[in-house]
4 protein chains.
Amino acid sequence: MAAPTPTPPNAFGLAQLQALADASPFIRHCQMEVIAADAAAGVVKMRMPLLPHLRRDASVAQFHGGPIASLIDTAGDFAVALAVGGGVPTINFRVDYLRPSSGDHLLAVATARRVGRTVGVADVDVFDDQGRLTAIGRATYSAQVG
Amino acid sequence: MAAPTPTPPNAFGLAQLQALADASPFIRHCQMEVIAADAAAGVVKMRMPLLPHLRRDASVAQFHGGPIASLIDTAGDFAVALAVGGGVPTINFRVDYLRPSSGDHLLAVATARRVGRTVGVADVDVFDDQGRLTAIGRATYSAQVG
Amino acid sequence: MAAPTPTPPNAFGLAQLQALADASPFIRHCQMEVIAADAAAGVVKMRMPLLPHLRRDASVAQFHGGPIASLIDTAGDFAVALAVGGGVPTINFRVDYLRPSSGDHLLAVATARRVGRTVGVADVDVFDDQGRLTAIGRATYSAQVG
Amino acid sequence: MAAPTPTPPNAFGLAQLQALADASPFIRHCQMEVIAADAAAGVVKMRMPLLPHLRRDASVAQFHGGPIASLIDTAGDFAVALAVGGGVPTINFRVDYLRPSSGDHLLAVATARRVGRTVGVADVDVFDDQGRLTAIGRATYSAQVG
């Protein structure tokens, strides 16, 4: 699915992140897609479609909070993974829901705020398909690839 | 699925919580089951099986962190819902992962710590099928049924 | 201490925020100073000097984490206060320490991410006197002036 | 200040925790006192008096949220310190304020929930002098003495 990336051989970039995502049954089940990975900026962008089984309510086109939290956890993980060269275990995270998350898909923009020897910290902003900020996350990961 | 509850007619208890769960495509998709609801103690217990699509990795019998966070959010919500008589919007929550969550199913024990006029706060402990504590959550909800 | 502000009479701005700070024995004891308040951007900036009683250790010029958390709580509160026209109760907050906070003073930049009818959410970045990001906070407040 | 402890020579217990507290100008300034340390249970109890400079408001006998957060951070740190044998750096923490914290002093009861190789996690309940739960904290520390 990921187009050939401009990263040199053996580099850890968009294609490697998408491969991590596709290797996880749950992430694949949510059809999360890595759409940008900028190692210099520490930013990863991911998209998730409003699949029927991700809805809060059968009658309303809104995401349940669980998949939103899952997208935040994953996108933040990948922002730290990009810095350390591999997937990392989540230590903890916080999610704040600001508005209902409606529309056709969600876009998560994850930014590594700090990656040290022990832990990495990422912020994640989630936008709906109209560009409205609907949720924000902050997560701490082990900085050891695991 | 829910057995007849000892609650009087019109009360909000285990059966009503399970009905809330079943009305949500995502929660139903995770097969979360309410197995206890004690309004006097402010405690709700929920169980979630290790379905194939909830796995972190196809080759290991472990839950992905996303469904664990979703279980925490839902169980905490229901502990507050039990106090206010209906489902409530999540304002924010924090999840700490303590150990890999493996085994056949997870058990979440949610306790309302405080339900005021504006918000309710719940703690959630998650145990694997061997009774080991694998994750803990703390969540704040609007105290207005919505 | 606050210079005359360009806000019209009765408006809630920098001078009113500083008055709130000065009315609180603890905040005054930390000598927190409001140095900018931009209602349109939802941003408040505050400064706190490294007083002897705010140190982590007598032999090192570093802030203890407690005053850093206090600065984050206060600056975030004021960013929401600016939007709603008065001080607001803190519901909860999270602090992540990224580096030791050393130097002569700290600068907190608080941004309101969302102020709704029930709650307001603010992000706070804390910088040392060299401009290094040392800590980040995220806080939820009641949106009712209290 | 700490009475002779029943711990054997060289053990890390109540007296060593109080010495850590007294070595920090900020903690000493808040007059935090370690009143119990049970290594087997992973529990540390600390007390903080309502000093004039810790008040939220000059006219009301209530603690400001900053000192409450500081007490939580410190008590949680000491619960992990008890397990690893020395003070540890805070990675992050969350505080939820449940009620105004009034009265003559606060009591913090910190419990280590999990101490692994990389991080330790502690829960802290804060009670006023009437035994009412007024705030709760959850914190993550490095498990390396630093």
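The values are calculated or read from the model by the stated rules, or taken from the named source; none is laboratory data. None of these values were measured; they are calculated from a predicted model. Every residue, glycine among them, receives a Cβ derived from its backbone with ideal geometry; neighbour counts consider all protein chains shown.
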**Condition broken by D:Arg114, with the remaining ones in (1) over 16 Å from the mean Cα position of the chain (by Cα); (2) within 14 Å of chain C (Cβ to nearest Cβ) satisfied** = (2)
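Hey, does region D:42-57 have a residue that's hydrophobic (A, V, I, L, M, F, W, C) and surrounded by fewer than 14 Cβ atoms within 10 Å (Cβ to Cβ)? Outline the logic, then answer.
Of the residues in region D:42-57, the ones hydrophobic (A, V, I, L, M, F, W, C) are D:43-44, D:46, D:48, D:50-51, D:54.
Those still in the list that are surrounded by fewer than 14 Cβ atoms within 10 Å (Cβ to Cβ) too: none.
No: region D:42-57 contains no residue that is hydrophobic (A, V, I, L, M, F, W, C) and surrounded by fewer than 14 Cβ atoms within 10 Å (Cβ to Cβ).
To keep it simple, each residue is scored yes or no on (1) within 21 Å of D:Arg138 (Cβ to Cβ); (2) within 11 Å of chain B (Cβ to nearest Cβ); (3) within 12 Å of the chain's Cα centre (by Cα); (4) modelled with pLDDT of 95 or more.
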| residue | (1), (2), (3), (4) |
| --- | --- |
| A:Leu54 | no, yes, no, yes |
| A:Ser59 | no, yes, no, no |
| A:Asp129 | no, no, no, yes |
| A:Arg132 | no, no, no, yes |
| A:Ala135 | yes, yes, no, yes |
| A:Thr140 | yes, yes, no, yes |
**Prompt:** Out of curiosity, is C:Ile35 among the β-branched types (Val, Ile, Thr) and in contact with a Lys or Arg (Cβ under 9 Å, 6 or more places away or on another chain)?
**Reply:** yes
**Asked** Is it true that some residue in region C:82-91 is buried (at least 18 other Cβ atoms within 10 Å of the Cβ), at pLDDT below 95 and not polar (S, T, N, Q)?
**Response** yes
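Confirm whether B:Ala75 is more than 9 Å from every other protein chain (Cβ to nearest Cβ) and closer than 25 Å to D:Val95 by Cβ.
Working: more than 9 Å from every other protein chain (Cβ to nearest Cβ): yes; closer than 25 Å to D:Val95 by Cβ: yes.
When the stated conditions are applied, B:Ala75 passes them.
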**Prompt:** How many residues does region B:96-111 hold that are within 14 Å of chain A (Cβ to nearest Cβ), closer than 10 Å to B:Leu71 by Cβ and aliphatic (A, V, I, L, M)?
**Reply:** 2
**Residue among B:Asp77, B:Asp73, B:Asp96 that alone is touching a helix residue (DSSP H, G or I) at 6+ places or on another chain (Cβ under 6 Å), among the charged types (D, E, K, R), buried (at least 20 other Cβ atoms within 10 Å of the Cβ) and in contact (Cβ under 8 Å) with a residue 12 or more places away in the chain** = B:Asp73
**Fill in**
Given the conditions (1) within 14 Å of chain C (Cβ to nearest Cβ); (2) free of Cβ contacts under 8 Å to residues at least 12 places away in the same chain, every one holds for D:Val119 apart from (2)
